[in-house]
1. Rounded to the nearest 0.05, what FRET efficiency do K232 and F437 have when you use their Cβ-Cβ distance and R0 = 22 Å?
2. Under a crude label model (7 Å from the Cα following the beta-carbon direction), how far is K284 from L388 in nanometres?
3. Could you tally the net charge around G294, taking each other residue with its Cβ under 10 Å from the Cβ of G294, Lys/Arg +1 and Asp/Glu -1?
4. Per residue of the chain, what 222 nm ellipticity follows from adding -39500 (n - 2.57) for every DSSP H run with n ≥ 4, rounded to the nearest 500?
5. At 0.36 nm per residue, and after removing the present C-alpha to C-alpha distance, how many nm does the segment from R180 to E10 gain when stretched out fully?
6. Fewest Cβ neighbours within 10 Å first, please rank D497, D439, D502, D354 accordingly.
7. Which cross-chain or sequence-distant (5 or more) residues have an amide H under 5 Å from the amide H of E10, H modelled 1.01 Å from N in plane?
8. Multiply the residue separation of R335 and R422 by 0.36 nm, subtract the distance between their alpha-carbon atoms, and state the gained length in nm to one decimal.
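Coordinate-derived values only; no laboratory data. If you're wondering where the values come from, they're calculated on a predicted model, not measured in any experiment. In this analysis, Cβ positions are derived from the backbone assuming ideal geometry, glycine residues included, and neighbour counts consider all displayed protein chains.
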Amino acid sequence: MADGISIEIESLATGGAPAKPGGSGGDLVLFVGEDLALSPRAAEIAGPGAADLVARAAGVERFKGKALSALVLTAPSGLSAERLVVIGTGADEAAGRDWATLGGFTAGKLGSRSATVVLEWPGTAPGPDEVAAFSLGARLRAYKFDRYKSKKAAEGEESGGGGRLTLLVPENAGLKKAVRGAEGLAEGVILARELVNEPPNVLDPEEFARRAEALEKLGVEIEVLDEKDMKKLGMRALLAVAQGSAKEARVVIMRWNGGEDPAEAPVAFIGKGVCFDSGGISIKGSGGMEDMKGDMAGAACVVGLMHALASRKAKVNALGAIGLVENMPDGKAQRPGDIVTSLSGQTIEIINTDAEGRLVLADVLWHVQQTYKPRFMIDLATLTGAILVALGQEFAGMFSNNDELAQRLSAAGEATGERVWRMPLTPGFDKLIESKFADMKNTGGRHGGSATAAQFLKRYVNDVPWIHLDIAGVGMSAPATEVNRSWGSGWGVRLLDRLVRDHYEA
Ligand code: MN
Ligand code: ZN
């Protein structure tokens, strides 16, 4: 894992500044609202004259304390900090404040510098959840994928990581536990980002499986199916995708049994893991094809989620299942016109070999619902370019056969900022995937491309409550936010962790 920042939490003792006022050498971070007032404890730590300095500098710099704005000053003499970083929090709206975004903004202002952060301002004292969210945002912002750069960024550059943050926060009993949980969640998101960012010559299905196996250290049970196992089971749809590649396919089943009753049915998460998608014989154009290393973002999210659940010892039985293949053109590759028999027994006519993700998911979904009888299944897949046309990069497309589950996930999306938009499933779409020669064909054409893909998947879930998330728009090449500057976004880890936390833990 890349170097992140390290975060320490210290209580803001009532009355009495810390031994070393203003930290030593790094920055001292203070927060103010639009009245620019410091909390009494912040003023004490910053020393006499700080409030006046901030007020005068704010006038010169036209700093008005607006949310997500900052004033960076050379620290006055007498403070051991080198800089004073004053961060605006805007009008008082503590109830709706996005603490993760505030943490991300703060980490962005610091770059790789170390800092003491006095996390309170007049009228606002964060509790455990708020401090945890702030630290989550800071960790996520500090993540940078530079493993393959022989020259690393210089200290102090935007989003470098490596710094040390000491958060001085109001004393609170549940603090340490909440912050530790956020640390595991941050690691899960960063693990997912890391997998998406890795180049396809490094992260092939076997290597991906090895990285998933590392979750064993956290107490996750791992089962890896190789091609022989898959043949024996009858996963011919998945294997048909893999047959043109020199790389062997893998399916990895990850089980976290944290529930009180070990026999209780698990909640299940399924990920598409096409480690590189050339399109196969229906080969893609060369422009932007390098982005197809990210066609495994669904599987990456599932691994990151399992990491997060296990590291906070979530009280739930959860199962992750990922189908890992590479889709390549070759003398052995599948052809348009081929008919394959899926694990379910349903036959599929291949029309376009670039519609390969649904073939992988068809077998994994079927295997999971038949073998593990889950409470629900949520699959994530960078499935269609059409979802980008519909929703851009603001929302993942959500298709579901269950209103309650869909509503719960929508709410988790609003809470985490990883938002989903519900799209339709309807029998009318079935007509578009009727085949002349087999039970169905693997693409329904351009119109309703995301919906016909979902309608296809629905044939492999039976009556299990199910959501399909099309994350082609949000899983990679993500727009910059305060909590993410990485190409691979790690999208979905926070969303699904929140869903589990809110509804499925004992
Ligand atoms: Mn494809
Ligand atoms: Zn694909």
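1. Details: r = 27 Å, r/R0 = 1.22.
Here the calculated transfer efficiency is 0.25.
2. Using points 7 Å along Cα→Cβ, the separation is 0.8 nm.
3. Details: positive: K293; negative: E198, D277, E290, D291, D295.
Around G294, the surrounding residues sum to -4.
4. Values: 15 runs with 170 residues, N = 506.
Theoretical 222 nm ellipticity from helices: -10500 deg cm²/dmol.
5. On the way: separation 170, 0.36 × 170 = 61.20 nm, distance 1.37 nm.
The R180-E10 span can extend by a further 59.8 nm.
6. Working: D497 24, D439 17, D502 12, D354 20.
If I rank by nearby Cβ atoms, fewest first, I get D502, D439, D354, D497.
7. Those lying under 5 Å, H to H, from E10 are L167, L168, V169.
8. On the way: separation 87, 0.36 × 87 = 31.32 nm, distance 3.33 nm.
Once the chain is fully extended between R335 and R422, it gains 28.0 nm.
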